[in-house]
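First the structure, in the form of structure tokens, and then the observations on it.
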Amino acid sequence: MESLEKAEDYYDKFSRFYDILSPDWYYRKPREFAVRVMELEAGQNILNLPVGTGQNFEYFQQHLKGSGKIVGVDLSGGMLQKARKKINANKWNNISLFKDDATVIDQGWVQDHLGEEVKFDAIFCDLGLSGFPEWRNVIDNLLSLLRPGGRFVIMDWYITKPGLRAEFIKWIGGGEVDRPLYQYLAERVDGFQLNDSFMGGDVFVAWGSKLKDFRIESSAKL
């Protein structure tokens, strides 16, 4: 709990400068690519976690055109406040935002917060899994929320060699840059693919579809 409170406080403060220090143009190429491989169609349901300041909304809406449902979750109220400003400025009415911890997002959470058993057509985790605790369990819980064949897409950093960029990303993002995120996803999805050509090979986009016989592994290593 203390760790979550510290993370929330950090990102609340960081939210004031996030769109300046981490502007949309900086991640535009990997973000455009990631949304493209989500293969979105009008009327679909999307989960974006963490939703941050809502930088993905305009990319989603290019495909949804105001239809369907976009659910955004973030631990930081400050980040969500910035995201709401984007929603209000653009008069988007198909987006719902929730403040919560990524580790509790599962089927029960969806039922409680959305009031129905929603199965998502696509889930996008960008720049968050590198900082989440119990990240393997988070991936498994999120996969359980996809419809069969639904797309799971991750965009994040993966830097194995120490250096100034790695240290800066760890400092500014408060996470790790060498977690085997896409390697774990490769074992959990069908049709796994990877593009690790962004930012000189330091940023990747990985994706795949939910297995028909997917089961959560309760013994997933933390």
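The values are calculated or read from the model by the stated rules, or taken from the named source; none is laboratory data. Small disclaimer: the values here were computed from a predicted structure and weren't measured. Cβ atoms come from the backbone with ideal geometry, glycine included; neighbour counts cover every protein chain shown. For accessibility, only protein heavy atoms count, side chains too; no ligands or nucleic acids. Shrake-Rupley method; radii C 1.70, N 1.55, O 1.52, S 1.80 Å.
Which of the lysines could be linked to Lys91 by a straight reach, that is with a Cα gap under 30 Å, when you skip same-chain ones fewer than 8 residues away?
Once the sequence-local lysines are set aside, what remains near Lys91 is Lys13, Lys29, Lys65, Lys69, Lys82, Lys99, Lys119.
Can you give me the relative contact order of the chain as a percent, contacts being Cα pairs under 8 Å and 6 or more apart?
Details: 378 pairs, mean separation 41.8, N = 222.
Relative contact order comes out at 19 percent.
Return the calculated 222 nm mean residue ellipticity for the chain, to the nearest 500 deg cm²/dmol, obtained by summing -39500 (n - 2.57) across DSSP H runs with n ≥ 4 and dividing by the residue count. Walk me through the numbers on the way to the answer.
On the way: 9 runs with 84 residues, N = 222.
Taken over the chain, the calculation gives -11000 deg cm²/dmol.
Taking a probe of 1.4 Å, how large is the accessible area per residue of segment 52-139, in Å²? Each step should come with its number before you reach the end.
Numbers: 3670 Å² over 88 residues.
Accessible area per residue: 42 Å².
What net charge is computed for the residues neighbouring Ala42, neighbours being all others with C-beta under 14 Å from the C-beta of Ala42, Lys and Arg scored +1, Asp and Glu -1? If you can, show how the numbers build up before the last one.
Details: positive: Lys65, Lys69; negative: Glu39, Glu41, Asp121.
Around Ala42, the charge tally is -1.
With Rg and Dmax of the Cα atoms in Å defined as stated, name the option among [x] 25.9, 91; [y] 26.9, 92; [z] 16.2, 47 computed from the structure displayed.
[z]
Decide, for segment 1-59, between rounded, prolate and oblate: order the square roots of the alpha carbon gyration tensor eigenvalues as a ≥ b ≥ c, take rounded if a/c falls under 1.5, and otherwise choose prolate if a/b is larger than b/c, else oblate. Show your work: numbers first, answer last.
Values: a/c = 2.94, a/b = 1.64, b/c = 1.79.
Judged from the Cα gyration tensor, segment 1-59 comes out oblate (a/c at least 1.5, b/c at or above a/b).
Which value, in debye to the nearest 20, describes the size of the charge dipole of segment 47-87 about its Cα centre when Lys and Arg Cβ atoms bear +1, Asp and Glu Cβ atoms bear -1, and nothing else is charged? Mind dumping the intermediate values first?
Working: 6 positive and 2 negative charges, 31 e Å.
Here segment 47-87 has a charge dipole of around 140 debye.
Which residue, chosen from Gly66, Phe17, Asn45, occupies the Cα position most advanced towards the positive end of the dipole of segment 1-97, where the dipole is computed from +1 (Lys, Arg) and -1 (Asp, Glu) charges on Cβ about the Cα centre?
Gly66
May I ask you to list the GluC sites (Glu not before Pro) in segment 121-222 that are in a DSSP loop and have at most 13 other Cβ atoms within 10 Å of their Cβ?
Numbers: sites: Glu134, Glu167, Glu176, Glu187, Glu217; in loops: Glu134, Glu176, Glu217.
Taking segment 121-222 and a limit of 13 other Cβ atoms within 10 Å, the loop GluC sites (Glu not before Pro) found are Glu217.
Of the options Thr103, Leu129, Leu145, report the single residue whose Cα projects farthest towards the positive end of the charge dipole of segment 90-192 (beta-carbon charges: Lys, Arg +1; Asp, Glu -1).
Checking the options against the dipole of segment 90-192, the answer is Leu129.
If we count every other residue with Cβ under 11 angstrom of Val138's Cβ, Lys/Arg +1 and Asp/Glu -1, where does the sum land? Numbers along the way, then the final one.
Values: positive: Arg136; negative: Asp101, Asp106, Glu134, Asp140.
The answer is -3.
Which percent of the accessible area of the chain is formed by carbon and sulfur heavy atoms (probe 1.4 angstrom)? Provide the component values of the computation, followed by the final result.
Details: 5390 of 11050 Å².
That fraction is 49 percent.
For the chain, with only Lys/Arg (+1) and Asp/Glu (-1) charged at the beta-carbon, what is the dipole magnitude about the Cα centre, in debye rounded to 20?
Roughly 640 debye for the chain.
With the Cα gyration tensor of segment 26-117 giving a ≥ b ≥ c as the square roots of its eigenvalues, does the rule (a/c under 1.5 for rounded; else a/b larger than b/c for prolate; else oblate) give rounded, prolate or oblate?
Judged from the Cα gyration tensor, segment 26-117 comes out rounded (a/c under 1.5).
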